[in-house]
Amino acid sequence: MISPTEISTRLQRVLLKVQKPGRYVGGEYNQVQKDWNTVKTKVALVFPEIYDIGLPNLGISILYDTINRRDDTLAERVYLPWKDMEDEMRAAEIPLYALESKNPLTAFDILGFSVPYETLFTNVLNAFDLAGIPFLASERDESWPLIIAGGHSTFNPEPLAPFLDAFFLGDGEAVMDELITIWQDWKATGGTRIQLLERLASVEGMYIPSFYDVEYDLDGRVTRLEPNNPHAPNKVVKRFAVPLPPPVTDFLVPNIDTVHNRVAVEIMRGCSRGCRFCQAGHILRPVRERPVKEVVDAIENAIDQTGYEEVALLSLSSSDYTHITELVQSITERFAGRQITVSLPSLRIESFSIDLMEQLHDLRPSGGFTLAPEAATERMRRIINKPVTTEQLLHTASDIFERGWTSIKLYFMIGHPSETMEDVAAIADLCKQVYSIGRKKVGGRVKVHAGVSTFIPKPHTPFQWAACDNTDSIREKLNYLRNELRQPGLKMTWADPDSSLLEAWLSRGDRRTAHVIKRAWELGCRFDAWQDCFAFEKWLQAYAECGLDPLTYSHRPRELDETLPWQHLGSGIELDYLKQDYTMSLNGEIRDDCREGCHNCGILASYASLKTGIKPGEWNCPPTHPKRKIAVVSD
């Protein structure tokens, strides 16, 4: 195995040949570096993207902080090299290494991959290859690191199943200590790889794909999906942190400019809204909030520790934070005159959201205001469970312009189930109405930006049984909107239909998709989320060579009684609840916000299983409920 000293020596010869060599050297302010020779367990946290995107990732920051708090364990970071550096590393025989110690990945005990979106799948294989790790888990014995993956995209891990030893569903910080302890005990006893995996299979939220057999019929439907090992449960359900651990404050300060140079504090996790297209809103239930003082103190500590001047308060729906008014007031009072800006994303379409931003006064960032109606007709909003009226949206836009903003960005999604061209035309009409209101309020400075994405029916949502819209239809809708919104003051950006189609194929894929991912990587696919790297024709070739029709993954509606490829994995929400909600969508029926009353989605039973002392019926998920106990629960 190559030594870190030799890796450092070879790096010195290549760094001046590549763009942004600061990506590859480490040594950032607040970096944690421990004595490699005395620490018992070594964990590499791998974010399969470039440094610029990976370093600000909050999930990696949380795990880095969580693991390094243990005296007996170290965590180091690994990002993928950009194409120029990859070429140099291969030519100089430099394996993929961790920034802190320059040790190669194969020197670590555990590799933890964070995979938040599906277009990173080929990057995962590229990381394996650069590290010299066999692709298939079945080809790796006890001498190789234990390789685990997590993240939103791994709630359907089947496309990556043959490559990983294990997947974790849920909040990584909730399992890390148990995972490390199990690994250390196993290592001390000298057990086999299978014995390690059997112990991990007993951990709530841990999925061992090799412990499950899957069979398909000639049409590609799953006909059998069951455990082949007595230690494997029939269904693996996610695990979540209760309460949320203290937020990270010792953020790494990057060597180069990154996509986010800021303090990020998560004020709450989860959402009670139930938008039917939103995977995050379903897999992150239940709602868990941080106390106001904890948030404000974290902001102050993080600013002191990093020197950052921008703060982002993160959540799926910031306006739903129970004490949002108190939080904004506290931030305004404590940081007045500190020359920082505070952004409060994910606000609801209502005047209350504008009041919140107004309260931030000089702390609010410059620029526009963002709203996400998702659909432009009330009929479509009922289908997707986004109960916002057009009147309410226009009233909110008017208030925004009246209070000094000159720019509004509106997020829309096309391709929803049963969408018509009339629904699409309404997007253009609504943008023009907002622009007209802005002209009356602020004159010619007004700008309206429409961001248009394509609907993808994601696993673990009520729409997981729906089909994607026809690609020709998507292109027709985009062309229509581009033509209609081609005028001064209006701007439109959109997702590439082919890229969205690939995301649908991968997110809804089964275990056979692994062959396609490997073949696509062999054909040169990597960094598929980057438009200048995306090679759709190579993916088509890979599917063809593997004998799979990708359109069956994206365009075939699923039957409600069909076994889905991810059905043995759970978000904590009952399958019957999702079926009921899908049926309601077909009838245009609204499901009220959970805060208005519990709908018995099943997450309460999952919560009770965490042995917190609270049983179903004693606690409701919405933190505004009178029986709110979650804030005072400890593990």
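Overview of values
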item	result
For the chain, with +1 on Lys and Arg beta carbons and -1 on Asp and Glu, the positive-most of 259, 533, 321 along the dipole	321
Principal axes of segment 526-568: Cα extent on each, largest first, Å	40, 21, 18
Helix-derived mean residue ellipticity, 222 nm - over the chain, DSSP H n ≥ 4, -39500 (n - 2.57), to 500	-10500 deg cm²/dmol
Cβ-derived FRET efficiency at R0 22 Å, residue 445 paired with residue 309, nearest 0.05	0.25
Potential extension, residue 32-residue 72 segment - 0.36 nm per residue separation minus Cα distance	13.0 nm
Unit charges at the beta carbon, dipole of segment 4-237: most positive-side option, 227, 157, 63	63
Size of electric dipole in the chain: Cβ of Lys, Arg +1 and of Asp, Glu -1, about Cα centre, debye, nearest 20	940
Within segment 4-237: Cβ-based charge dipole about Cα centre, in debye rounded to nearest 20 (Lys, Arg +1; Asp, Glu -1)	620
Additional length obtainable on full extension of the chain from residue 53 to residue 476, 0.36 nm per residue less Cα span	149.0 nm
Estimated distance in nm for a label pair at residue 540 and residue 229, the labels positioned 7 Å out from Cα along Cα-to-Cβ	4.1
Alpha-carbon centroid distance for the pair segment 11-42 / segment 124-202, whole angstrom	24
Estimated distance in nm for a label pair at residue 257 and residue 40, the labels positioned 7 Å out from Cα along Cα-to-Cβ	4.5
Net length gained if the chain between residue 599 and residue 398 were fully extended (0.36 nm per residue, minus Cα distance)	68.9 nm
Protection proxy ranking, peptides 224-233, 21-30, 104-113, average beta carbon neighbours within 10 Å, highest first	104-113, 21-30, 224-233
Segment 379-514: radius of gyration over Cα atoms, expressed as a fraction of 2.2 N^0.38 Å	1.18
Förster radius 45 Å - calculated FRET efficiency between residue 390 and residue 143 (Cβ-Cβ, nearest 0.05)	0.10
Peptides 372-379, 10-17 ordered by average Cβ neighbours within 10 Å, highest first	372-379, 10-17
Using a Förster distance of 35 Å, the FRET efficiency for residue 19-residue 362 (Cβ separation, nearest 0.05)	0.40
Long-range HN-HN contacts of residue 237 with modeled amide H, under 5 Å	205, 570
Long-range HN-HN contacts of residue 165 with modeled amide H, under 5 Å	147
Mean Cβ neighbour count within 10 Å, used as a protection proxy, ranking 146-153, 135-142, 251-258 highest first	146-153, 251-258, 135-142
Only Lys, Arg (+1) and Asp, Glu (-1) charged, at Cβ; segment 105-256 dipole about Cα centre in debye	120
In range of the label at residue 332: residues from segment 347-384 whose backbone nitrogen is under 15 Å from the point 7 Å along Cα→Cβ	352-365
Pair-distance profile P(r), taking every C-alpha pair of segment 4-237, with 5 angstrom steps and integer %	1, 6, 14, 18, 20, 17, 11, 7, 4, 2, 1, 0
Residue order, fewest to most surrounding Cβ atoms within 10 angstrom, among 89, 268	89, 268
Read-out Cα extents along the principal axes in Å, derived from the coordinates shown; its label in [x] 89, 63, 45; [y] 76, 54, 53; [z] 71, 63, 56	[z]
Where a label projected 7 Å from the Cα of residue 187 along Cα→Cβ would reach, residues of segment 41-59 with amide N under 12 Å	41-44
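Coordinate-derived values only; no laboratory data. Please read all numbers here as calculations on a predicted model, not as lab measurements. Reconstructed Cβ throughout: ideal geometry from the backbone, glycine too, with neighbour counts over all protein chains shown.
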